[in-house]
Amino acid sequence: MKAMILAAGRGERMRPLTDATPKPLLQAGGKPLIVWHIERLARAGFTELVINHAHLGAQIEAALGDGGCFGASIRYSAEAEALETAGGIANALPLLGPEPFLVVNGDIFCDYDFASLPRELGALSAWLVLVDNPVHHPGGDFGLKEGKVLDQGECKLTFSGIGLYRPEVFASVARGSKAKLAPLLRERMAMGQVGGEHFRGLWMDIGTPGRLSELDKLLHEGTLGGPPHSEMHNHD
């Protein structure tokens, strides 16, 4: 199964750090954020990677190369301007192929075990990893009941930015156009085609300089949490 890392965001909330450095190359624990993903994916057997980029994208290609030094093969999907999540995925479909693929947001940090993801989606169109709501997003995104992700529920969880998708989820998005992911997912949820899990391990949205500093401190101190685990959990 191929995997895509989303790395095209401008990182406005990270300015001035992202004025001269693309957000995925910002460092925590002595290593670029995107490298943590690449190494974890490669260890889990995801060695065919696609990375999209826009802002300062040449720096990303120069830093990561063909991925050989990470035990992976990296291909790039360049965007003249960031196409948002669904737009970026749709633009990269020729590189991702006809089978289901994994997508990971480049601006998160987690100890999720990618090897635990289902390798077959069956009748599902997508599989999402949900997490507890962080302080900066208390309302959550989606509900989870009996292994199905729902656009409803009293107790919602936050979408982690980790998901498996069939290519047809993005069939309505013209290549090169901007499109958001959530509306496409809600269409599939309404048809009962989105499954998911509740991951209770370490997960951080590295969206601000303060959170990047916090992560850097935790990594250098070696104080990050215990073993991760996921479960099918009812939140409705």
Can you tell me which residue is nearest to the chain's Cα centre (by Cα) among those in segment 143-171 that are closer than 24 Å to ARG40 by Cβ and aromatic (Phe, Trp, Tyr)?
PHE159
What tally of residues in segment 117-160 results from selecting those that are in contact (Cβ under 8 Å) with a residue 60 or more places away in the chain and part of a strand (DSSP E or B)?
11
Evaluate the following for ALA82: is it touching a residue at least 12 places away in the same chain (Cβ under 8 Å), under 25 Å from ALA174 (Cβ atoms), among the small types (Gly, Ala, Ser) and not in a helix (DSSP H, G or I)?
yes
Please give the number of the condition HIS220 fails out of (1) in a helix (DSSP H, G or I); (2) buried (at least 17 other Cβ atoms within 10 Å of the Cβ).
(2)
Within the set of pairs 6 or more residues apart or between chains, which connect a residue that is basic (Lys, Arg) inside segment 206-228 to a residue that is at pLDDT 80 or above and surrounded by 12 or more Cβ atoms within 10 Å (Cβ to Cβ) with Cβ atoms less than 8 Å apart?
ARG211/MET204; ARG211/ASP205
Of the residues GLY67, GLY106, GLY88, GLY122, only one is crowded, with 23+ Cβ neighbours inside 10 Å, in contact with a strand residue (DSSP E or B) (Cβ under 9 Å, 6 or more places away or on another chain) and over 20 Å from ARG186 (Cβ atoms); which?
GLY106
Residue list for segment 85-116, filter: under 14 Å from HIS37 (Cβ atoms), outside any helix (DSSP H, G or I) and among the hydrophobic types (A, V, I, L, M, F, W, C):
LEU102, VAL103, VAL104, ILE108, PHE109, CYS110
Taking PHE46, is it touching a residue at least 40 places away in the same chain (Cβ under 8 Å), buried (at least 19 other Cβ atoms within 10 Å of the Cβ), over 15 Å from LYS2 (Cα atoms) and touching a helix residue (DSSP H, G or I) at 6+ places or on another chain (Cβ under 7 Å)?
no
Taking segment 172-192 and keeping only residues that are surrounded by 12 or more Cβ atoms within 10 Å (Cβ to Cβ), touching a residue at least 24 places away in the same chain (Cβ under 8 Å) and part of a helix (DSSP H, G or I), one is left with ALA182, LEU184, LEU185, ARG186, ARG188, MET189
Out of segment 162-220, which residues are within 22 Å of ASP111 (Cβ to Cβ), of a type in the set (Val, Ile, Thr) and in contact with a Leu (Cβ under 7 Å, 6 or more places away or on another chain)?
ILE206
In segment 134-171, residues that are surrounded by fewer than 19 Cβ atoms within 10 Å (Cβ to Cβ) and within 14 Å of GLU197 (Cα to Cα) total 5
Report, by residue number, each residue of segment 193-204 that is within 19 Å of ALA86 (Cβ to Cβ) and either of a type in the set (D, E, K, R) or part of a loop (DSSP other than H, G, I, E, B) (or both).
GLN193
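The values are calculated or read from the model by the stated rules, or taken from the named source; none is laboratory data. This one's a predicted model, so the numbers in the text were calculated from it and none came from an experiment. Note that we place each Cβ from the backbone using ideal geometry, even for glycine, and neighbour counts take in every protein chain shown.
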